[in-house]
Amino acid sequence: MADARDVVGRKRDGQPLTEDEIRSVVLGYAREEVPDYLASAFLMAAFIRGLDTDETVALTRAMVDSGATLPLDGVSRPKVDKHSTGGVADGVTLVFAPLAASLGMAVAKLSGRGLGHTGGTLDKLEAIPGFRTELSPQELERQVEEVGCAVAAQTKDLVPADGALYALRDATATVPSVPLIAASVMSKKLAVGTDLILLDVKAGSGAFMKTPEEADALAAACVDLARGWGRSARAAVTDMSQPLGESVGNALDIVEAVEVLRGGRPGRLADLTLEFAAAAQVALLKTDPTDARRRAEEALSSGEALESFRRMVEAQGGDPSVVDDPVAVLPAAPVAVPLDADRTGYLAEVDAEAVGRTAVALGAGRRRKGDPIDPSVGIVLRAKVGDRLEEGKPIGEIHARDEKFAAAASAAVNAALTVTDSRPERPPLVYRWRDA
Ligand code: URA
């Protein structure tokens, strides 16, 4: 075993590390033999100096080897996993999992909690009274076989080195690094036995990668890792220059997801989810691309996807009537006020990260790992880039604990909007796809 201090020194000086050296730091840290300060120094050296392809492969392999794997051998349908690198109003998983299940595929999704300005699927689902996200591997597998989908918390045994290193990266400003994110994302995907990995690599103000070029480099790194493992993966570089959907919160996201699952809320969230559902069918069911999109739309409009969501909620202990009347079932904030535009003109840019941070300040997210969240509060922002705003006219709603919080959030959201006199171009939804 290499000495962790020597490994940090070599990376600091820009020398390439061997697989053994990387394993000694990663596995040593997961076993609590390497202290936080050395692991932090390693992360910062790797962040600044970068990791080449061999080093990224070694880091990924070490993370996978740090724990158990979930082969999902007992699931008979074609299995697809979908992962987003994190964004604002990103409810794709909530819609995609039941939609894919209703189309004959299986989704065993291990999700995370919101951290920083980004929301977390587990926090959203836990807004449903009774919903349980802690499933044993056996429960998860059984549910996926019976219902077609399950969304659960990542277990402690699965890729524990990523859990430990991700928390440390969050605390040491070492998150937005292509090799570190690629290894983190892909170690979790490679540890689960699926037939297809779909990656949603976000680019823009609400994402870790601020430009499509940076996001594309991350997509390429992830797809290269999948290829090296002999696994099938498709990565889309998608727009996060504004919140994807309209709701930034937890209960509010569930309301929006149920409306999309009913086929009653067209827009960017529905479109992107349909794009992923189509890609999964083409790859796994060999569906013709034009039929794939149509089949996915029909699964929404016929209510079949919503029915899969109901079965998933019920299987995980949640109140299934959330699909019939989400507003009646989900917790409501004490104050709900219109969010009015404070200027007239065209919406040209949204600082989506600032919108996410405003939702955190309302109580919808956590400032530190383990903080409690308030599932009822959040922001609904209906305006999208290219829309016309009128001063004093509503562009959404603020759901808050009291009037003071609501007023502060209204001002903060308006401050996050750039409004111009001329109509700007609407950004594309998907910049490009990459395949392995
Ligand atoms: N999502 C992950 O799983 N890991 C990262 O490093 C960033 C986003």
Considering only segment 395-436, state which residues are at pLDDT 95 or above, out of contact with any Pro (no Cβ under 8 Å at 6 or more places or on another chain) and small (Gly, Ala, Ser). ALA406, ALA407, ALA408, ALA409, SER410, ALA411, ALA412, ALA415, ALA416, SER422
Of the residues that sit in segment 169-178 and are hydrophobic (A, V, I, L, M, F, W, C) and within 11 Å of the ligand (Cβ to nearest atom), which one is farthest from ARG113 (Cα to Cα)? VAL178
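I need a count of the residues in segment 128-154 that are in a loop (DSSP other than H, G, I, E, B) and over 17 Å from the mean Cα position of the chain (by Cα). Give the steps one after another, and end with the answer.
Within segment 128-154, the first condition is being in a loop (DSSP other than H, G, I, E, B), and the residues that meet it are 128-136, 148, 154.
Still in the running and over 17 Å from the mean Cα position of the chain (by Cα): 128-132, 134-136, 148.
Residues meeting the conditions: 9.
I'd like to check something: does segment 288-299 contain any residue that is touching a residue at least 60 places away in the same chain (Cβ under 8 Å), under 30 Å from THR420 (Cβ atoms) and of a type outside the set (Gly, Ala, Ser)? Steps first, please.
The initial filter retains those residues of segment 288-299 that are touching a residue at least 60 places away in the same chain (Cβ under 8 Å), namely 295-296, 299.
Subsequent filtering for residues that are under 30 Å from THR420 (Cβ atoms) retains none.
No, every residue in segment 288-299 fails to be touching a residue at least 60 places away in the same chain (Cβ under 8 Å), under 30 Å from THR420 (Cβ atoms) and of a type outside the set (Gly, Ala, Ser).
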Pair list, Cβ < 8 Å and 6+ apart or interchain, from segment 120-141 residues that are closer than 17 Å to ASP253 by Cα to residues that are among the aromatic types (Phe, Trp, Tyr): LEU125/PHE131
Can you name the condition, by its number, that SER308 falls short on among (1) within 30 Å of ALA101 (Cβ to Cβ); (2) small (Gly, Ala, Ser); (3) out of contact with any Cys (no Cβ under 9 Å at 6 or more places or on another chain)? (3)
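Determine if segment 150-157 includes at least one residue that is among the β-branched types (Val, Ile, Thr) and within 16 Å of the ligand (Cβ to nearest atom). I'd like the intermediate steps shown before the answer.
First, pick out the residues of segment 150-157 that are among the β-branched types (Val, Ile, Thr): 151, 155.
Imposing the further condition that a residue be within 16 Å of the ligand (Cβ to nearest atom) reduces the set to 151, 155.
Yes, the conditions are met somewhere in segment 150-157.
Going through ALA97, ALA39 one at a time, which residue ends up being on the phi < 0 side of the Ramachandran plot, modelled with pLDDT of 95 or more, in the same structural domain as ALA183 (by TED's automatic domain parsing) and outside any strand (DSSP E or B)? Please lay out each step first, then the result.
Numbers: ALA39 fails: in the same structural domain as ALA183 (by TED's automatic domain parsing).
Checking each option against the conditions leaves just ALA97.
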Please indicate, with yes or no, whether at least one residue in segment 57-78 is at pLDDT 95 or above, touching a strand residue (DSSP E or B) at 6+ places or on another chain (Cβ under 8 Å), β-branched (Val, Ile, Thr) and in a strand (DSSP E or B). no
Of residues in segment 403-432 being within 24 Å of the chain's Cα centre (by Cα) and farther than 25 Å from THR273 by Cα, the one surrounded by the fewest Cβ atoms within 10 Å (Cβ to Cβ): ALA412
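Within segment 211-228, take every residue that is more than 15 Å from the ligand (Cβ to nearest atom) and free of Cβ contacts under 8 Å to residues at least 60 places away in the same chain and give me the one that is surrounded by the most Cβ atoms within 10 Å (Cβ to Cβ).
So the first thing to find is which residues in segment 211-228 are more than 15 Å from the ligand (Cβ to nearest atom), and the list is 211-213, 216, 220, 223-224, 227-228.
With free of Cβ contacts under 8 Å to residues at least 60 places away in the same chain added as a condition, the list becomes 211, 213.
Numbers: THR211: 14, GLU213: 11.
The residue in question is THR211.
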Take the residues in segment 183-210 that are of a type in the set (Lys, Arg) and in contact (Cβ under 8 Å) with a residue 24 or more places away in the chain, then tell me which one is nearest to the ligand (Cβ to nearest atom). LYS188
So, LEU70, is that one over 12 Å from the mean Cα position of the chain (by Cα) and aliphatic (A, V, I, L, M) or not? yes
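Being away from the ligand (no atom under 16 Å from the Cβ), touching a Leu at 6+ places or on another chain (Cβ under 7 Å) and either without any contact (Cβ under 8 Å) to a residue 24 or more places away in the chain or not acidic (Asp, Glu) (or both) narrows it down to one of GLY87, GLY104, so name that one.
Numbers: GLY87 fails: away from the ligand (no atom under 16 Å from the Cβ).
Exactly one residue qualifies, and that residue is GLY104.
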Restricting attention to segment 365-382, which residues are surrounded by 22 or more Cβ atoms within 10 Å (Cβ to Cβ) and modelled with pLDDT of 95 or more? PRO375, SER376, VAL377, GLY378, ILE379, VAL380, LEU381
Pick from GLY130, GLY114: which is surrounded by fewer than 24 Cβ atoms within 10 Å (Cβ to Cβ), assigned by TED's automatic domain parsing to the domain that holds GLY148 and touching a helix residue (DSSP H, G or I) at 6+ places or on another chain (Cβ under 6 Å)? GLY114
Criterion first (of a type in the set (D, E, K, R), within 30 Å of ALA406 (Cα to Cα), part of a loop (DSSP other than H, G, I, E, B) and assigned by TED's automatic domain parsing to the domain that holds ARG234) does ARG265 satisfy it? yes
The one condition in (1) within 16 Å of ALA182 (Cα to Cα); (2) in a helix (DSSP H, G or I) that ALA277 fails to fulfil: (1)
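The values are calculated or read from the model by the stated rules, or taken from the named source; none is laboratory data. Quantities reported herein were computed from a predicted structural model and do not represent experimental measurements. Positions of Cβ are generated from backbone atoms using ideal geometry, with glycine treated the same way; all protein chains shown enter the neighbour counts.
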